[in-house]
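Okay, so here's the structure we're looking at.
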Amino acid sequence: MGFILDLTETLKTPGGVVGLLVIIGLVVLLLKWVFAPHPDDEK
């Protein structure tokens, strides 16, 4: 639980917000890459 409280405190700072956006961006890119149809799959 302490980790979550630290996280919410960090999000109140501008750097914390930027870090959160970067993490969300990386997760979205990873999900798009994982679920994208790969050319090799069709062989």
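The values are calculated or read from the model by the stated rules, or taken from the named source; none is laboratory data. Since the model is a prediction, treat every value here as computed from it, not as a measurement. Note that each Cβ is placed from the backbone with ideal geometry, even for glycine, and that neighbours are counted across all protein chains shown.
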Check on Asp6, surrounded by 10 or more Cβ atoms within 10 Å (Cβ to Cβ), of a type outside the set (A, V, I, L, M, F, W, C) and assigned to a helix (DSSP H, G or I):
yes
So Val34, is it outside any loop (DSSP other than H, G, I, E, B) and either touching a residue at least 60 places away in the same chain (Cβ under 8 Å) or exposed (fewer than 10 other Cβ atoms within 10 Å of the Cβ) (or both)
yes
Criterion: exposed (fewer than 10 other Cβ atoms within 10 Å of the Cβ) and either in contact with a Pro (Cβ under 9 Å, 6 or more places away or on another chain) or at pLDDT 85 or above (or both) - qualifying residue of Pro39, Pro14:
Pro14
